[in-house]
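All remarks here apply to the structure that follows.
The values are calculated or read from the model by the stated rules, or taken from the named source; none is laboratory data. Because the structure is predicted, anything quoted here is derived from the model rather than measured. We place every Cβ from the backbone using ideal geometry, glycine too, and count neighbours over all the protein chains shown.
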Amino acid sequence: MFTVLVLGLVFRDIRFALLTTIPVGFTVFMQWMVMDSNNVSLSLVTVMIGSILVGVGVDFSIHIANRVRELGGSLDAVRIACASTGMSLFEATTVTALGLTCAYRIDIPAIKPFVDVIIILLIIAAISALFLLPAIYSLLVKANISLSGGSSTMVKSAGLRRTLTREEAGVMDATLELTPPEDVW
């Protein structure tokens with residue numbers, strides 16, 4: 001809950017914050033299935049997995065969500081965000097998972113199942129941020145529900161005008177013509 005509130009403050013949109021945390025909730029939900037399928041019992045070591053997943057999963061989701069928001073929240077923005085940010089998330093997941101394998105050399109029996117579950121769920125968190133979050137955003141955009149919020153949402157839904165791209169907005173030019181005032185008397 002605290003994560004959603006902080007994201008709501010950061011994004012200035014509680015709905016966007018809730019959408020961004022859906023993959024995180026999915027990953028935390030998957031924790032119990034992964035632990036059960038690997039016969040990992042709940043212990044003082046494995047109880048920390050959920051908080052680690054929230055931290056890592058939110059980070060992955062924020063990268064995608066922030067990029068989509070920067071690009072305007074359109075379907076193209078979702079595609080570009082996944083293509084550009086996706087490789088970085090893949091690299092971060094790979095490096096983190098490989099780094100965690102060093103823990104296999106620790107002579108504490110409870111560490112191995114912990115590392116197994118963390119690596120599996122780290123991969124699930126990255127996959128859900130790369131596939132589940134863009135799928136949710138795409139469904140909303142196709143349903144004509146804007147991701148960016150504010151006045152641009154109102155303008156787009158009313159069909160008054162299209163939103164400008166960043167390049168178009170940078171080259172807009174306005175000319176102000178001043179005419180001498182005429183005497184009204």
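Yes/no matrix, rows are residues, columns are (1) within 20 Å of ALA97 (Cα to Cα); (2) at pLDDT 85 or above:
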site	(1), (2)
THR21	no, no
VAL24	yes, yes
THR27	yes, yes
VAL34	yes, yes
ASN39	no, yes
THR46	yes, no
GLY57	yes, no
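Out of curiosity, is VAL78 at pLDDT 85 or above, more than 22 Å from GLN31 (Cβ to Cβ), in a helix (DSSP H, G or I) and not small (Gly, Ala, Ser)?
Yes, satisfied.
Mind listing just one residue for me: the one in region 20-56 that is among the hydroxyl-bearing types (Ser, Thr, Tyr) and surrounded by 12 or more Cβ atoms within 10 Å (Cβ to Cβ) and, of those, farthest from SER138 (Cα to Cα)? Please lay out each step first, then the result.
Pass one, region 20-56, residues among the hydroxyl-bearing types (Ser, Thr, Tyr): 20-21, 27, 37, 41, 43, 46, 51.
Now restrict to residues that are surrounded by 12 or more Cβ atoms within 10 Å (Cβ to Cβ): 20-21, 27, 46.
On the way: THR20: 13, THR21: 16, THR27: 20, THR46: 35 Å.
Step by step, filter region 20-56, then rank; the result is THR46.
Name, by its number, the condition in (1) outside any helix (DSSP H, G or I); (2) touching a His at 6+ places or on another chain (Cβ under 9 Å) that does not hold for GLY73.
Exception for GLY73: condition (2).
What number of residues in region 81-99 are modelled with pLDDT of 90 or more, surrounded by fewer than 16 Cβ atoms within 10 Å (Cβ to Cβ) and not β-branched (Val, Ile, Thr)?
So the answer is 4.
Just to be sure, is ALA17 surrounded by 12 or more Cβ atoms within 10 Å (Cβ to Cβ), free of Cβ contacts under 8 Å to residues at least 24 places away in the same chain and more than 17 Å from VAL115 (Cβ to Cβ)? Explain how you work it out, then say what you get.
Details: surrounded by 12 or more Cβ atoms within 10 Å (Cβ to Cβ): yes; free of Cβ contacts under 8 Å to residues at least 24 places away in the same chain: yes; more than 17 Å from VAL115 (Cβ to Cβ): yes.
So ALA17 passes the test.
So which residues in region 1-14 are of a type in the set (A, V, I, L, M, F, W, C), assigned to a helix (DSSP H, G or I) and surrounded by fewer than 18 Cβ atoms within 10 Å (Cβ to Cβ)? I'd like the intermediate steps shown before the answer.
Pass one, region 1-14, residues of a type in the set (A, V, I, L, M, F, W, C): 1-2, 4-7, 9-11, 14.
Applying the additional criterion that residues be assigned to a helix (DSSP H, G or I) yields 2, 4-7, 9-11, 14.
Correct list: PHE2, VAL4, LEU5, VAL6, LEU9, VAL10, ILE14.
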